[in-house]
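Structure, as structure tokens:
The values are calculated or read from the model by the stated rules, or taken from the named source; none is laboratory data. Just so we're clear, the structure is a prediction, and the values are computed from it rather than from any experiment. Here Cβ is always computed from backbone atoms with ideal geometry, including for glycine, and neighbour counts include all displayed protein chains. The accessibility values were calculated without ligands, DNA or RNA, using every heavy atom of the protein model including side chains. Shrake-Rupley method; radii C 1.70, N 1.55, O 1.52, S 1.80 Å.
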Amino acid sequence: MMRTLLASCLICQSLFVSAQEHLIWYNKPAAHWNEALPIGNGRLGAMIFGDAVSERIQLNEESLWAGSKADGNAEAAAYLPLIQQEILKGNIADAIQMAEKHLQGSYMRIRSYQPLGDLTIDFFANRRSLPPLESYRRELDLRSGIATTTYRYQGITFTRETFASATDNALILRLTASQKGALTFRLSLSRAQDAVVQPVAPNELLMSGQVVDLPAKDATPAGLHMRFAARLRGQVKGGSWQTVNNSFWVTNADTAVFYLTAATDYNLEHLNFDRNIVPETLCAQMLAPLLMKNYEQMRAAHIAEHAALFDRVALHLHGDTLAHLPTNERLQKVKEGVEDVGLTALLFQYGRYLLMGSSRPPAKLPANLQGIWNQDFVAAWNSDFHTNINLQMNYWAADIVNLSETMQPFSDFVNRLRVPGRITAHKTYGAKGWTLNHLTNPFGHTSISDNVRWGIFPMAASWLTLHLWEHYLFTGDQNYLQQHAYPAMREAAEFVLSFLIRDSHGYWVTAPSNSPENTYLLPNGEKHMLTYGATMDIQIIRALLNACLQAGRLVGEKADFLALCKETLAALPPTRISQRYGIVQEWIEDYEEAEPGHRHISQLFGLYPGTEITPATPELFEAARKTIARRMEYAQKGQGFYTGWSLAWLINFYARLHDGNAARQTILTMQQQLILDNLLDNHPPFQIDGNFGLMAGIAEMLLQSHRGVVELLPALPEAWHSGQVKGLRARGGFEVSFRWQNHTLQTATVRSLNGEPLRLQYRAHLIELPTTAGQTLQLTFANNKWRLISSSKK
């Protein structure tokens, strides 16, 4: 009887999360973009405003960028040794002068990711024509991926449903009313520049366009560049309708359904547009199969595909929740100090939803600074792929939150960058292998950008490839390791091994280098970014070469390459602790910081996402804690500031430090200061990395697996006294679910995907069990002991 009772309470059988906990909802339309709701299928995105007078649905297609492929690399290799020697001698000002002359290439600035356009649905001539609405509600159901707007007007209920279907590769919109003949509206497709829209059939509109890039200082060449198209098809039941200009005019209809798809002539294989691709033809080809289906079939297929991914993971935190309130009111309550653990769980799942929406097939490109959602022709930071933390942060949690598919666009893109990255390695750094610097775009921009002071970041490729290694550690996919991860890792290591130089102490160091975007002070008062051997550089290199040693043995790497990796590792400078402050040094010298509260805490890469700083290195572990405390102290004094993504990074730091209360407090700070009403992260402005970093931090608080054990509840805050989680993934190929009550683990279920030995830890209690692929283990924890209840295999 007891055995049955214990088994029945296991999380995999008993997890209950109400439908309300997956909803973001409001009782009024969005007044601006930061209140609109995002939908996406990885490739196509839209922001839904929910207006009853003039609805706006802002559109995006992932590959629609200004700019073109251009080699911006300087022929700098011959001058690099001179620059390096000046840096090593401490003549930083002279080194910068030389770098500005020789390292800056032809094109120091890239162009922006752009919006596709807008769908506008006009129901009334103006707002004065609309009496007060009844029962207004707009919502986004994270589990179904459907955005719904509904309201009553003159006794009639009007409903709009919009979703981005991955199965049908289209945005789909349906309008209905509770009374026949009640739908009268004009639906228009438009773009503010570089496009025309016209009817091409009685029930279809076609947008055709080409990006016109005007001359801009230091930017890639002006000209007629990317071509794009969008095709909109309508189906109306009842009443009458026709296409006119750029619109559908619908009168007295019962229901109306619209299908939109879009394409560009971008070719990922070329990292460029391809004039053999005709976007208008692609749009027609994508819409053609939809003629054979009805709305209900497409909706059902969309929900099945979307929910199959979303439902892999569930999280419920017991306690106070304000899910009965509109989301903006919930957020305001939290700002006023009211506890709402349900909002934290919702933000965790929202991160998963956004990652699905911006990076799952049919996506070809990874999520950029705004995922795929952007309304500006010149976006903040061009909505680029920022590679000195932001692109990496987007994918920190992809595997642990059981969305491995979203890694495919990232992995493919990283491997494509190897081609232009070889040119940068050779021309700029005189090195083998491949690299890039602090940002890139779909055209394979790998050269130094913006400025040599902060634009130099030759460790970006090494950091990116570590994510491919991590993906292998979670999945155990040997083919992926052999064909995708290791080739990119090895070539990044080749760059490192040929780029490093000896310093005066005999250490292998990077030069030039910087600690991303931060500034130090020389004893003479000079402020500089350019340096050599920045701590983050060395930590990344140490992680990469260790990963190459492990991966190399698995793929049959040559002994001489592995030996070179080992020899280099032995001669890297150690991660140092400041003698003045007891913190982890950010630079190879114990420089004073110009901005002690700086948002980047790059010297803690080894704590997270790296694995160098752990409880097994107690002095560094304590120094990491002091580093964060000092940063926050000065940020609060106004000598620095934190952003959405930097607070998200802090959550992960605290999780690795096993400080659950500090992690929770940082989550609250984000919610109170840097989360917008539509729950997107506010850098400011909106940047999606904060959402993804927050998601990663919550996952790290619940489960960690970077130290060779699967550790449950390593950073549980006091406020999360009871809860349950289903479906998190751990390195070694395990899927883990568990439940805790009154701050104590109760039950756990572990499914072994690859048959690796399981080392499961809670607090100081470790259990080691052999497993076979497909085996599910059910365990309880009581009286400080693990107990294996059952083992089964499907």
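Under the rule that an exposed site lies in a DSSP loop and has at most 15 other Cβ atoms within 10 Å, name the longest stretch of the chain with no GluC sites (Glu not before Pro) of that kind, not counting the sites themselves.
76-268
Which of the trypsin sites (Lys or Arg not before Pro) across segment 559-609 are loop residues per DSSP, with 14 or fewer other Cβ within 10 Å? Could you put the intermediate results ahead of the total?
Numbers: sites: 566, 576, 580, 599; in loops: 576, 580, 599.
Within segment 559-609, the qualifying trypsin sites (Lys or Arg not before Pro) (loop, at most 14 other Cβ atoms within 10 Å) are 580.
Express the relative contact order of segment 362-429 as a whole percentage, based on alpha carbon pairs under 8 Å and six or more residues apart in sequence.
For segment 362-429, the relative contact order is 38 percent.
Could you run the Karplus curve 6.51 cos²θ - 1.76 cosθ + 1.60 with θ = phi - 60° over segment 401-408 and give me ³J(HN,Hα) per residue in whole Hz, x for Gly and Pro?
Each residue's phi maps through the Karplus curve to give 8, 6, 10, 4, 4, 5, 6, 4 Hz.
So for segment 525-652, considering every pair of alpha-carbon atoms, how many percent are separated by more than 24 Å?
On the way: 2828 of 8128 pairs.
Within segment 525-652, distances greater than 24 Å cover 35 percent of Cα pairs.
Compute the accessible area per residue over the chain, keeping the other protein chains in place, probe 1.4 Å, unit Å².
That works out to 35 Å² for each residue.
If you keep only loop residues by DSSP, which trypsin sites (Lys or Arg not before Pro) in segment 605-671 have at most 13 other Cβ atoms within 10 Å of their Cβ?
Those that pass, being in a loop and sparsely packed, are 637.
Show the residues, 5+ positions off or on another chain, whose built amide H is closer than 5 Å to the amide H of residue 157.
Answer set, sorted by chain and number: 178, 179.
Considering Cα pairs under 8 angstrom that are at least six residues apart, work out the relative contact order of the chain and quote it in whole percent.
That works out to 13 percent.
When N is the residue count of segment 538-605, what does its C-alpha Rg come to as a fraction of 2.2 N^0.38 Å?
1.45
With all distinct Cα pairs included, what does the Kirkwood hydrodynamic radius of segment 294-403 come out to in Å, to one decimal, could you say? Can you show the working numbers first?
Numbers: mean 1/r = 0.0610 Å⁻¹.
With all distinct Cα pairs of segment 294-403 included, I get 16.4 Å.
Determine the dipole magnitude for segment 707-781: charges of +1 sit on the beta-carbon of Lys and Arg, -1 on that of Asp and Glu, nothing else is charged, the reference point is the Cα centre, and the result goes in debye to the nearest 20.
In total the dipole reaches around 100 debye.
What is the gain in length, in nm to one decimal, between residue 297 and residue 28 on full extension, counting 0.36 nm per residue of separation less the C-alpha to C-alpha distance?
Result: 93.8 nm gained on full extension.
Please compute one quarter of the surface area of the Cα convex hull for segment 328-458 and express it in square nanometres.
Working: hull surface 41.8 nm².
Reported value for the Cα convex hull: 10.4 nm².
Give me the Kirkwood hydrodynamic radius of segment 622-662, using the inverse of the mean 1/r over all pairs of distinct Cα atoms, in Å to one decimal.
Working: mean 1/r = 0.0944 Å⁻¹.
Taking the inverse mean of 1/r over all distinct Cα pairs, segment 622-662 comes out at 10.6 Å.
On alpha-carbon atoms, Rg over Rh for segment 427-510 using Kirkwood Rh?
1.03
Mind listing the phi-derived Karplus ³J(HN,Hα) values for segment 586-596, rounded to whole Hz, using 6.51, -1.76 and 1.60 with θ = phi - 60°, and x for any glycine or proline?
Each residue's phi maps through the Karplus curve to give 7, 10, 5, 9, 7, 5, 6, 8, 6, 9, x Hz.
If I compute solvent accessible area with a 1.4 Å probe over the protein chains, what percent of it on the chain is carbon and sulfur?
Values: 14000 of 28110 Å².
Ligands and nucleic acids excluded, carbon and sulfur give 50 percent.
Output the pairs from 427/637; 527/566; 89/432 with a Cα-Cα distance over 32 Å in this structure; if there are none, say none.
Beyond 32 Å between Cα atoms: 427/637; 527/566.
Where q = 0.10 Å⁻¹, what log10 of I(q)/I(0) comes from the Debye formula for the chain, counting one point per Cα?
The computed values of log10 I(q)/I(0) come out as -1.08.
Just read off the accessible area of residue 136 with the full protein assembly in place, 1.4 Å probe, to the nearest 10 Å².
Rounded to the nearest 10, the figure is 30 Å².
What is the ratio of the Cα radius of gyration of segment 236-337 to 2.2 N^0.38 Å, with N the residue count, to two decimals?
My calculation over the Cα atoms of segment 236-337 gives 1.71.
What do you get for trypsin sites (Lys or Arg not before Pro) in segment 129-229 restricted to DSSP loop and a cutoff of at most 10 other Cβ within 10 Å of the site's Cβ?
217
³J(HN,Hα) across segment 151-163 via Karplus (A = 6.51, B = -1.76, C = 1.60, θ = phi - 60°), whole Hz, x for Gly/Pro?
6, 10, 9, 6, x, 10, 8, 9, 9, 10, 10, 9, 8
Specify, per residue and in Å³, the volume enclosed by the convex hull of the alpha carbon atoms belonging to segment 115-156.
On the way: hull volume 4.8 nm³, N = 42.
Spelled out: Cα convex hull of segment 115-156, divided by residues, is 115 Å³.
Going highest first, how would you order 784-793, 736-745, 104-113 by mean Cβ packing within 10 Å?
104-113, 736-745, 784-793
Viscosity 1.002 mPa s, temperature 20 °C: what is the translational diffusion coefficient of segment 132-249 from Stokes-Einstein with a Kirkwood Rh over Cα pairs, rounded to a whole number of µm²/s?
Answer, rounded: 125 µm²/s.
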